[in-house]
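K.L.:
Before anything else, here's the structure in question.
The values are calculated or read from the model by the stated rules, or taken from the named source; none is laboratory data. If you're wondering where the values come from, they're calculated on a predicted model, not measured in any experiment. Positions of Cβ are generated from backbone atoms using ideal geometry, with glycine treated the same way; all protein chains shown enter the neighbour counts.
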Amino acid sequence: MQGFDIHGWTGKEGVTGKFKFLTCSIVSDDIPQKIPLISVPVFLGDYKSYAVTHCLSLIKPYIGNIELILFDRGFYDKDLMYELIKSNYPFLIFVPKQKDKRELLYPLDKEEHIAIIWDYELNKNKTKYQFEAYLTFLKRIYDEKSDKEYDWVFATNVEEVALSNIIQTYKKRWRIETQFRVQDDALIKCKSKEMKVRYFLFMFEQMLQTQWVCFYKDEVSFKEFLIEMHKVCKTIVANPKRSYGKHAKT
């Protein structure tokens with residue numbers, strides 16, 4: 001029995017469950033790296049709409065106006081879009097292939113795109129809700145990284161975003177995925193099934209990465225930074241009196 005903290009997993013490499021954490025990070029042209037603002041545990045049965053809007057309500061007083069929220073395909077959810085629209089949060093979501101009305105792409109020419117208003121119906125709490133959002137369809141867009149062409153679909157509630165250079169706007173989110181891979185260099189091996197322990201370790205990893213981004217990124221790689229931090233910590237542990245005694249006398 002894994003409880004309500006651990007989400008079932010595939011069993012690959014012996015892993016049958018994982019903890020999940022939802023992170024909101026700054027994405028800005030002025031800040032080329034991921035700066036996490038808040039991370040919260042996601043429990044079994046949690047609604048995406050509640051988890052996301054809860055995080056947004058906590059960070060908004062500190063960051064002020066939110067120009068656009070970028071989501072990956074795992075967040076294409078009618079309940080989430082409805083709650084974001086109701087709360088006047090502007091969003092851009094990558095729509096999964098199996099849910100994107102892809103048949104509408106075929107009349108388009110290569111690298112052509114169109115934006116249409118799509119009507120949604122949400123059944124929630126025994127009530128039906130109607131709302132609208134823009135779906136932007138892009139046909140055979142070339143991706144340099146994979147050297148392939150893709151048909152992409154995005155959902156947004158902002159007309160200007162739907163009609164503008166939507167790929168360049170969404171690409172800003174990709175740096176978050178890159179920085180999560182960088183964060184994995186600080187992964188702390190732990191077999192504890194206690195959520196508080198795993199949450200603390202995840203937050204500690206993010207704190208280390210943010211410290212590196214803000215103060216040391218131009219000097220050393222993140223892995224080198226971690227190695228130097230490890231050396232410093234070992235020195236302090238091995239010589240606690242010498243390390244702190246000098247500060248105590250000054």
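K.L.:
Look at residue 41 and say whether it is surrounded by 15 or more Cβ atoms within 10 Å (Cβ to Cβ), part of a strand (DSSP E or B), touching a residue at least 40 places away in the same chain (Cβ under 8 Å) and out of contact with any Phe, Trp or Tyr (no Cβ under 7 Å at 6 or more places or on another chain).
P.N.:
Working: surrounded by 15 or more Cβ atoms within 10 Å (Cβ to Cβ): yes; part of a strand (DSSP E or B): yes; touching a residue at least 40 places away in the same chain (Cβ under 8 Å): yes; out of contact with any Phe, Trp or Tyr (no Cβ under 7 Å at 6 or more places or on another chain): no.
Considered against the rule, which asks whether it is surrounded by 15 or more Cβ atoms within 10 Å (Cβ to Cβ), part of a strand (DSSP E or B), touching a residue at least 40 places away in the same chain (Cβ under 8 Å) and out of contact with any Phe, Trp or Tyr (no Cβ under 7 Å at 6 or more places or on another chain), residue 41 comes out as no.
K.L.:
Would you mind stating whether residue 206 is in a helix (DSSP H, G or I), of a type outside the set (A, V, I, L, M, F, W, C) and within 26 Å of residue 15 (Cα to Cα)? Outline the logic, then answer.
P.N.:
Details: in a helix (DSSP H, G or I): yes; of a type outside the set (A, V, I, L, M, F, W, C): yes; within 26 Å of residue 15 (Cα to Cα): yes.
Criteria met by residue 206.
K.L.:
Right, here's the next one. Can you name the residue in region 103-129 that is aliphatic (A, V, I, L, M) and touching a helix residue (DSSP H, G or I) at 6+ places or on another chain (Cβ under 7 Å) and, of all such residues, is modelled with the highest pLDDT?
P.N.:
Taking region 103-129 as the starting set, the residues that turn out to be aliphatic (A, V, I, L, M) are 104-105, 108, 114-117, 122.
The next check asks that each one be touching a helix residue (DSSP H, G or I) at 6+ places or on another chain (Cβ under 7 Å); those that pass are 115, 122.
Numbers: 115: 88, 122: 94.
In this case the residue turns out to be 122.
K.L.:
So, in region 133-166, how many residues would count as being touching a residue at least 60 places away in the same chain (Cβ under 8 Å) and of a type outside the set (Ser, Thr, Tyr)? Steps first, answer last, please.
P.N.:
Kept after step one, since they are touching a residue at least 60 places away in the same chain (Cβ under 8 Å), are these residues of region 133-166: 154-158, 161, 166.
If we keep only those that are of a type outside the set (Ser, Thr, Tyr) as well, we get 154-155, 157-158, 161, 166.
Residues in region 133-166 being touching a residue at least 60 places away in the same chain (Cβ under 8 Å) and of a type outside the set (Ser, Thr, Tyr): 6 in total.
K.L.:
Go through region 225-248 residue by residue and tally those that are of a type outside the set (A, V, I, L, M) and at pLDDT below 80.
P.N.:
Qualifying residue count for the region: 9.
K.L.:
So residue 126 ticks every box in (1) over 21 Å from the mean Cα position of the chain (by Cα); (2) crowded, with 17+ Cβ neighbours inside 10 Å but one. Which box is left unticked?
P.N.:
With (1) over 21 Å from the mean Cα position of the chain (by Cα); (2) crowded, with 17+ Cβ neighbours inside 10 Å applied to residue 126, the lone miss is (2).
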